[in-house]
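The values are calculated or read from the model by the stated rules, or taken from the named source; none is laboratory data. A quick note: this is a predicted structure, and the numbers were derived from the prediction, not measured. Here Cβ is always computed from backbone atoms with ideal geometry, including for glycine, and neighbour counts include all displayed protein chains. Just so you know, the surface numbers come from the protein's heavy atoms only, side chains and all, with ligands and any DNA or RNA stripped out. Shrake-Rupley method; radii C 1.70, N 1.55, O 1.52, S 1.80 Å.
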Amino acid sequence: MKSSNEATVSVSVTNTLLDTAAQLGLNRQQLQSAANLTGETLDNPDQRIPFLNQEKLWSLIIDQHPDIPVGLSMGLRAQPGSFNVLGNIAMNSATLGDAFRHVQHYQNLVGEGGSIEENLCSSSHWIIRYTPLNPGHACTHHRVAAVLSSWVKIGQWLADQFEVLAINFDTPAPPYYQQYEEQLGCPVYFNRSENELVLSPEMRNQPIRQANSTICKLLREQADKLIEQLQTSTLSRQVVSLISQQLMGQEPDKQSIASSLNISARTLQRRLEEEGTSYQKLLSDTRHQLALEYLERADINTSEIAFMLGFSESSTFYRAFKKWTGQTPGQYRNNKIKQFSEI
């Protein structure tokens, strides 16, 4: 899996999350603004957004509704169309086993927030496992619940006799745990070692009612091209990842980053210019983005944020932040707190 700073997710799944939030009575526009998501971006179903922005969106929704199974609600809204080309590939696969093999292979088209293993098959069980990015984050259980419940929903869409034997979560049971079994229609267990769907091995051979092998082949060719594009890592993204890792307590210099990439500082600068950017811009943009994220956490003071962003003095951070946003860090934090309270 990619790091949380590098990972991206699809706009279509993000819109499903926003639709769920609106159904819960939250203001969609305010949530978009608070998560730094523009309407122009969300109007393009083929667009990608940073995983961290979607994770922030999850946190905003859960903070407003801590006693509601938000992930379960989102997952049960899923339809094949929610997953764009991957959903259509699943619909045109020959069997459920084929569909979930395709889900595993093309999962990153939907999002890079976790990894899927579907080939964990024994004589008694067919297990489909999900391992999330940022497992310790407060909203991660909800993300996992959305994924597993969406698999149940999609399975019901695809096959006439889809049945789940059990669902396992690796977290403690939430207060609303009974709603999981009521709405998913199968036993649900918590404090297990993995996050899994448990099915009978015979379920792999269940035919999919609308399968079309010709369409599936064409869609997979399209998906292969999309995966190739997604896996093409630009030098800029690599530099941003290294900056994020080396910021703590110091400003990483261009030479150290270049050395990490096994190239000279001059070559690094030239190749970044070819990508339309520069080392200083990437450094500034990375600090800016991380500063916005840190200031939304009440448990970190501004002096600690300055240190985490590699500024030698808090006053230097204050000046940089004022240049980025036109506000001091304190003003930005207070405005965000006020904005959240109005959602």
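A probe of 1.4 angstrom, applied to the heavy atoms of all protein chains, finds Asp160 with accessible area near 120 square angstrom. Residue by residue, segment 132-148 carries 3J(HN,Hα) couplings of x, 6, 6, x, x, 5, 4, 8, 5, 4, 5, 4, 5, 4, 5, 5, 5 Hz when phi is fed to the Karplus relation 6.51 cos²θ - 1.76 cosθ + 1.60 (θ = phi - 60°); x denotes Gly or Pro. Karplus-derived 3J(HN,Hα) values for segment 79-95, using 6.51 cos²θ - 1.76 cosθ + 1.60 with θ = phi - 60°, are 9, x, x, 5, 10, 6, 5, 5, x, 5, 4, 4, 5, 9, 6, 6, 9 Hz; glycine and proline are entered as x. Amide H to amide H distances under 5 Å link Tyr189 with Ile167, Asn168, Phe169, where only residues 5 or more positions off or on other chains count and H is placed in the peptide plane. Residues whose amide H falls under 5 Å from that of Leu120, counting only those 5 or more places apart or on a different chain, are Ile127, with hydrogens built in the peptide plane. Using a probe of 1.4 Å on the protein chains alone, the accessible area found for Ser315 is around 50 Å². The share of accessible area on segment 169-257 that comes from carbon and sulfur is 47 percent, using a 1.4 angstrom probe.
As a test of reading the structure, rank His125, His288, His142 by solvent-accessible area (1.4 Å probe, protein chains only), most first. Display every interim value, and only then the final one.
On the way: His125 70, His288 50, His142 15 Å².
My answer, sorted largest first, is His125, His288, His142.
At a probe radius of 1.4 angstrom, the accessible area of the chain per residue rounds to 48 square angstrom. With K and R counted +1 and D and E -1, the other residues having a Cβ less than 11 Å from that of Met74 yield a net charge of +2. Over 27 Å between Cα atoms: which of Lys56/Lys323; Lys2/Lys56; Lys153/Lys338 fall into that group? Result: Lys153/Lys338 exceed 27 Å. For segment 278-318, trypsin sites (Lys or Arg not before Pro) are listed when DSSP marks them as loop and at most 13 other Cβ atoms sit within 10 Å of their Cβ; the list is Arg297.
Note that segment 176-188 has calculated 3J(HN,Hα) couplings of 9, 4, 5, 5, 4, 5, 4, 8, 9, x, 7, x, 10 Hz, one per residue in order, obtained from phi through the Karplus relation 6.51 cos²θ - 1.76 cosθ + 1.60 (θ = phi - 60°); glycine and proline are x.
The candidate values were (i) 21.9, 64; (ii) 19.7, 64; (iii) 23.6, 76; the one computed from these coordinates for Rg and Dmax of the Cα atoms in Å carries the label (i).
Close amide H contacts of Val9 (hydrogens built in the peptide plane, cut-off under 5 Å, sequence separation of 5 or more or a different chain): Ile49, Phe51, Glu112. How many angstrom separate the Cα center of segment 170-186 from the Cα center of segment 27-48? Cα centroid of segment 170-186 versus Cα centroid of segment 27-48: 30 Å apart. Ordered from largest to smallest accessible area (heavy atoms of protein chains, 1.4 Å probe), the residues His137, His102 come out as His137, His102.
Counting pairs of alpha carbon atoms under 8 Å apart in space and at least six apart in sequence, what relative contact order in percent does the chain give?
17 percent
For the pair segment 244-310 / segment 66-101, the C-alpha centres are spaced 37 Å from each other.
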